[in-house]
1. Would you point out which residue out of 25, 49, 33 is touching a strand residue (DSSP E or B) at 6+ places or on another chain (Cβ under 9 Å) and part of a strand (DSSP E or B)?
2. Would you check which residues across region 73-100 are within 8 Å of the chain's Cα centre (by Cα) and crowded, with 22+ Cβ neighbours inside 10 Å and list them?
3. Please give the number of the condition residue 122 fails out of (1) surrounded by fewer than 19 Cβ atoms within 10 Å (Cβ to Cβ); (2) more than 30 Å from residue 223 (Cβ to Cβ); (3) at pLDDT 95 or above; (4) out of contact with any helix residue (DSSP H, G or I) (no Cβ under 6 Å at 6 or more places or on another chain).
4. Of the residues 199, 180, which single one is farther than 24 Å from residue 113 by Cβ, more than 22 Å from the chain's Cα centre (by Cα) and assigned to a loop (DSSP other than H, G, I, E, B)?
5. Could you tell me which of the residues 161, 141 is at pLDDT below 95 and crowded, with 16+ Cβ neighbours inside 10 Å?
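The values are calculated or read from the model by the stated rules, or taken from the named source; none is laboratory data. Keep in mind the model is a prediction, meaning the values are calculated, not measured. FYI the Cβ positions are ideal-geometry reconstructions off the backbone, even for glycines, and counts take in every protein chain you see.
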C-alpha cells in the first residue's frame, strides 16, 4: 500500500459492525496505531489479523507521533484506530494527523461504526440540526459551568461521559436544565443489552438509579424551545 495514514472506524460493541473496507485496510497496512494494546489485540484477534501495533495515547502522543510520521514518510502505510468507534472523537491522534498533513501525506478516513448517529436516529427528537458538545469536564465546578452554558443553546445537544458518571451527569443536567427537560439515553449501543430510555431527565435519572445503570452511553438533550417544523 502507499504511504498513507488511514483513520479506521471500528465497532463500538458488536464486532459484526466492522466494514469490509476496514478489514481490508487493517490486513494490508504495514502497522496499526492504537490507544491500548489490550483492546487492539482483542479486536484484531476477532478477525484473525496479526499486525505490528504501535501505541499512541494521551501520555505519549508528542513523542510517538513524530516516530510514526517518520515511518510513514519513509514509505510505510499505517491505520489509526481508537479503542472503539471513529478515531479522534475525544481520542488522541490530532497531532499525528496535523503532522501528516504538513508533510503532504494523504490522510484517508474510513467511515464506520460510531455512537453519535445511532443515538440521534433513535432518540425520537428532530435532529436535522444539533449541537455536539461531547465529553464534559470531570471537575465538578467546571462541569456545572459547562452545563449552564449549554442551557443557553436552543437545540438538541449531544453529551457524553464515562459509565461511572452516568447518574451524577443526569443529576447535574436536572439541576442545570430543570426536571422537565426531555432526554433520550442511548445505553450500551449495539450490545445485547442495548436500550433507549426516553422521557424527562428526572424520569430517566430515576430509572438509572433503580437499575443501577453503569455502561457506555450517549445522552441526547432536547433543549429546543420551539419546533423547526411548521
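1. On inspection, the qualifying residue turns out to be 33.
2. 85, 86, 87
3. (2)
4. Answer to the selection: 180.
5. Being at pLDDT below 95 and crowded, with 16+ Cβ neighbours inside 10 Å holds for just one of 161, 141, which is 161.
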